[in-house]
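Visitor: Take this structure, written in structure tokens, and hold onto it; I'll ask about it next.
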Number of protein chains: 2
Amino acid sequence: MSASPYAQLEQEWRRLHAFHGALALLRWDAAVMMPRGSADVRGEQLAALETEHHALLTTPKITRLLDRAQANSQGLEDWQLANLREMRRQRDHAIATPVTLISRLARATARAEVYWAEARRQNSFELFAPHLEEVVHLVRDKAALLGQALGLAPYFALVDEFSPGVSTADVDAIFKALSRRLPGLIREALTLQAEHPPLPIAGKFALGKQRALVVEVMRAIGFPFDKGRLDESEHPFTEGVPGDIRVTTRFDGGDLFTGLFGAMHESGHAMYDLGLPQAWRDQPVGRDRGMALEESQALLLEMFIGRSRAFVTYLRPLLEKQFAVSGPEWEPANLYSWLTRVQRSLIRVDADELTYPLHILLRYELEKKLLTGELAVRDLPDAWNSGMEQRLEVRPTGANDGCLQDIHWALGSFGYFPSYVLGGVIAAQLWESLRTDLPELDAQIARGEFSGLFTWLREHVHSLGAKVTVKELMKHATRQPLSANALLRYLEQKYLESRP
Amino acid sequence: MSASPYAQLEQEWRRLHAFHGALALLRWDAAVMMPRGSADVRGEQLAALETEHHALLTTPKITRLLDRAQANSQGLEDWQLANLREMRRQRDHAIATPVTLISRLARATARAEVYWAEARRQNSFELFAPHLEEVVHLVRDKAALLGQALGLAPYFALVDEFSPGVSTADVDAIFKALSRRLPGLIREALTLQAEHPPLPIAGKFALGKQRALVVEVMRAIGFPFDKGRLDESEHPFTEGVPGDIRVTTRFDGGDLFTGLFGAMHESGHAMYDLGLPQAWRDQPVGRDRGMALEESQALLLEMFIGRSRAFVTYLRPLLEKQFAVSGPEWEPANLYSWLTRVQRSLIRVDADELTYPLHILLRYELEKKLLTGELAVRDLPDAWNSGMEQRLEVRPTGANDGCLQDIHWALGSFGYFPSYVLGGVIAAQLWESLRTDLPELDAQIARGEFSGLFTWLREHVHSLGAKVTVKELMKHATRQPLSANALLRYLEQKYLESRP
């Protein structure tokens, strides 16, 4: 007797999962280990494996098996049904975009990435513009095809790839609430801060000791160094599969916190991935539930916990041990004020929690207009600069601290930015529930104990994999629908409390 | 108009080449970077990609294209014809072994490798024997099928995978000549050595400085660190593809030369791979011409050059710079005597040039008998021990310094050992031609100049890729047929010369 269509599909996805893991290693190596002159060779390897992965995912055989499994789904359990739904979702996304478009997009983004870097070296948007234009055209085609296939508006078909099941209305409502309240909140926080400005923290911090500190914190968090690695790269990232998960950070000899919080952010991703359901680890339902949820787990650790009074209590003695710090600026109250200072700044990745959503809102509005054609690529710098002025009252001095600062669009990642804000929204809702369910959480974190935190997260988030949608997960875990309310409550409480 | 069958084949092999490169990276990472607990995950990835590679190589489409290209080969150039021949060779090898046998062999060798390591921990052959037995059975089946398909005797069908085009008669003639002359030569060399024994060299050598020394030597050799890496692993190896080539070595704090000569051996492999014809780099004809030729390039650098008076002249000041060495044992003449000392020893990888071929001869005879069934696995230790006594006048004290010392058979690599000796034979012939064609070679090497050497090797060996057979290459490059004569001349001259 031959295996059932569903069982055959699981077998097919086991193979796809191995490809997925091999691709992850090739990308990790390219960013961390690969010699500089080997980029072309690696590009060919990635392209070949991605093409093969796409081909395996879109064969008529998969479609036939999916149809037959769905027609005979009465005997399947919950997890299997959810798995079948996710298989179909992966296949639908893959098949909507023809291979020719994928490979044109791959070539265009490879070129755009090179010219983005060159344009940054020369601080000149003009060099990048024609290549961005080409990418925008191709992404527009892709969005139209995806939208048609998925029954979504083109831009939201792209968002769906990163944050499945979150609707236009959800995203718009969240951004509306944030843009209504944040400008005032930022003003109030800055006024309060001006009354008690934190003493600046600076110094020279040996990289070896910084690494030792980060490893100690990651061990406390529970990162399994026998199934993962910590390395360095230009931009921090997490790659790999549960069972071999690799995080990177970037150390800065003059700023102790760049490396630490970079590693904490990535450890948040890694702990999520490591907590995914082991029994389904090589199946679609065993994967993470999209970038918004990924980001929520990273932000919880980096921002909600990492920049809390409890964490500062835990961190202070470690800093003393590694760097023998002393003086008033290193006192816990000042350390906390320093780590939570608010600033109207130009660069997204350096922004604080309070101003960050406005950086994203700008990108969200601009990328939608780029795709509809309402905004021409050549007009992007002006639109960016006036948008920054209007929302954050700062104006870029050039392209590098303006619309050239992010690599996302060069890579064709349109529809990705909203997941950063959705991540914050999700994190805030989870944070409220966590604090209700775990009254001892602060005390535990102050002692460097993270097991309570992760037991809760595993139960309510990680172990669900992709079984439920983000919105269902939120309802179960937080007893609230997805909205900006919890994030705004969190920000008000944190940034309007009287200091020190 | 669609592409010609031949052009389509090149396209197919471009994809196979990308898989080959991805697999190389996965293996490199497993040995150098991977966390210890991630072996299972990596095993699945390797198995999936290898299976896919095998499937792509053995589709009916490839067979059809090969047939059509061969029927219409009149318009093809030399290189293309050679490429077609190598494509056919790869496909014939791959298709001769059914997928079920390949996967049984993969599982059996994975298990045997684990038990080999465990047996070594307990210095007990019994633990390993049943697993070796299973491997022998499966390799026997594979050899029979391969032999049938290629029209070769079963064992030599295996040899053909590693050293293509070298016949039974060639190998037997070479081993016969070596076994006739070497025992006497060893005796004479030991007598001479006893008259002037070298002063022993020992000490503590900081690993960081050892690494700096190795990097300096590799830079002098011409290793391109922008397209390759040097790392550490338990056993030195070379992995990757031209354009991203990675060598490893193993440093020993108490022995300066382990790390250096390990790296030189691997750099020999790497320089060969880097010198392969760039225009054919993703095609079968652009690959190396098998393990025997690979080994010849490694031995040329490690032994013929690395353990020469000229190289000692170059090396001595570097040792002084890094380690401030001084004293009579570090004088060039003693250094040379120490690096070329002869010893009847039990362990192959520690053996000198003179005794090494006898270690291989023993393995060659035993593995042939294991495959025919003439020797039972349970009788292997006795056969090994008496073989060592008979050939090298030393007797193992246990399994670890006896038949458990090599991992090859556990991995199913039967037919591989002869390539070590063939590599020495080829290296010696090339060495004679090199010295005739480049009278300045010694003087150059003494100054740390390796460009003359590699210009010659590129022209006569590397740039040919797999265009000609090993035997054709030898005739062109050395004007001699493949034989043990040059190796015996080299060994006699080097080990029977009068020493200070």
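Each value in this text was obtained by applying a stated rule to the coordinates, not by laboratory testing. Since this is a predicted model, take the numbers as computed values, not measurements. Note that each Cβ is placed from the backbone with ideal geometry, even for glycine, and that neighbours are counted across all protein chains shown.
Visitor: Rg/Rh for region A:142-194: what does it come to with C-alpha atoms and Rh from Kirkwood?
Guide: 1.28
Visitor: Counting only DSSP beta bridges with both residues in region B:132-500, tell me the antiparallel percent, nearest 5.
Guide: Here the share of antiparallel DSSP bridges comes out near 50 percent.
Visitor: Restricting the count to DSSP beta bridges whose residues both fall in the protein assembly as shown, what percent are antiparallel, rounded to a multiple of 5?
Guide: 50 percent
Visitor: Taking Cα centroids, how far is region B:441-465 from region A:272-308 in Å?
Guide: Using only Cα atoms, the two centres lie 54 Å from each other.
Visitor: Could you tell me which of rounded, prolate or oblate describes region B:128-274, using a ≥ b ≥ c as the square roots of the eigenvalues of the alpha-carbon gyration tensor, with rounded for a/c under 1.5 and, failing that, prolate when a/b is larger than b/c and oblate otherwise?
Guide: Taking the square roots of the gyration eigenvalues as a ≥ b ≥ c, region B:128-274 is oblate.
Visitor: Calculate the spin-label point distance for B:Asp252 paired with B:Glu331, positioning each point 7 Å from the Cα along the beta-carbon direction, and give it in nanometres.
Guide: Each label point lies 7 Å from its Cα, and together they span 2.6 nm.
Visitor: Test of understanding: extend the Cα→C-beta vector of B:Arg85 to 7 Å, then name every residue of region B:162-176 with backbone N under 12 Å from that spot.
Guide: The answer is B:165.
Visitor: Another one. Measuring from a point 7 Å past the Cα of A:Thr59 along Cα-to-C-beta, which residues in region A:84-126 have an amide N at less than 16 Å?
Guide: Inside the label zone: A:91, A:95.
Visitor: Moving on to the next point. List the relative contact order of chain B as a percent without decimals, with contacts defined as Cα pairs under 8 Å and 6+ residues apart.
Guide: Taking the mean separation of contacting Cα pairs over the length of chain B, I get 20 percent.
Visitor: Also: Rounded to whole Å, give me the distance from the Cα center of region A:87-145 to that of region B:387-407.
Guide: One Cα centre to the other: 61 Å.
Visitor: For an R0 of 45 angstrom, estimate the FRET efficiency from the Cβ-Cβ distance between B:Glu232 and A:Glu50 and round to the nearest 0.05.
Guide: E(calc), rounded to 0.05, equals 0.90.
Visitor: Sum -39500 (n - 2.57) across every DSSP H segment of at least 4 residues in chain B, then divide by the residue count to get the 222 nm mean residue ellipticity, nearest 500.
Guide: That calculation yields -21000 deg cm²/dmol at 222 nm.
Visitor: Output the pairs from B:Lys204/B:Lys321; A:Lys176/A:Lys368; A:Lys142/A:Lys369; B:Lys142/B:Lys369; B:Lys176/B:Lys368; A:Lys227/A:Lys475 with a Cα-Cα distance over 24 Å in this structure; if there are none, say none.
Guide: A:Lys227/A:Lys475
Visitor: Turning to a different aspect of this structure: Taking 0.36 nm per intervening residue step and subtracting the Cα-Cα distance, what contour gain separates A:Ala71 from A:Tyr115 on full extension?
Guide: 10.9 nm
Visitor: Please list, by residue number, every one of the GluC sites (Glu not before Pro) in region B:337-378 that is coil in DSSP and has at most 13 other beta-carbon atoms within 10 Å.
Guide: Here the sparse-neighbourhood loop sites are B:Glu374.
Visitor: Does region A:272-431 come out rounded, prolate or oblate by the C-alpha gyration tensor, with a ≥ b ≥ c the root eigenvalues, rounded set by a/c under 1.5 and, if not, prolate when a/b is larger than b/c and oblate if not?
Guide: oblate
Visitor: Still on this structure, please answer the following. As a footprinting exposure proxy, order A:Val139, B:Val214, B:Val247 by other Cβ within 10 Å, with the fewest listed first.
Guide: B:Val214, A:Val139, B:Val247
Visitor: Quick check of the Kirkwood formula: for region B:132-500, what is the inverse mean of 1/r over all pairs of different Cα atoms, in Å?
Guide: Computed over Cα pairs of region B:132-500, the Kirkwood hydrodynamic radius comes out at 21.4 Å.
Visitor: Which of B:Leu207, B:Leu49, A:Leu23 comes first, and how do the rest follow, when ranked by fewest Cβ neighbours within 10 Å?
Guide: In increasing order of surrounding Cβ atoms, one gets B:Leu207, A:Leu23, B:Leu49.
Visitor: Taking the label point 7 Å from Cα in the Cβ direction, how far apart in nm is A:Asp382 from each other copy of itself, listed shortest first?
Guide: For A:Asp382, the inter-copy label distances come out at 9.5 nm.
Visitor: With each label point set 7 Å from Cα along the Cα-Cβ vector, what nm distance links B:Leu190 and B:Thr436?
Guide: 3.5 nm
Visitor: Just from the alpha-carbon atoms, what are the Rg and Dmax of the protein assembly as shown in angstroms?
Guide: When restricted to the Cα atoms of the protein assembly as shown, Rg and Dmax are 32.3, 95 Å.
Visitor: Set the Förster distance to 25 Å, then compute FRET efficiency between B:Glu449 and B:Glu320 from the Cβ-Cβ distance, nearest 0.05.
Guide: Here the calculated transfer efficiency is 0.80.
Visitor: Which distances in nm, rounded to one decimal and ordered from shortest, link the label point of A:Gly151 to the equivalent label points in the other identical copies, with labels set 7 Å from Cα toward Cβ?
Guide: Counterpart label points of A:Gly151 in the remaining copies fall at 6.4 nm.
Visitor: Can you give me the distance in nm between label points at B:Arg479 and B:Ser103, each placed 7 Å from the Cα along the Cα-to-Cβ direction?
Guide: 5.6 nm
Visitor: Related question: For label points placed 7 Å from Cα toward Cβ, what is the shortest-first list of nm distances from B:Glu50 to its copies?
Guide: 2.8
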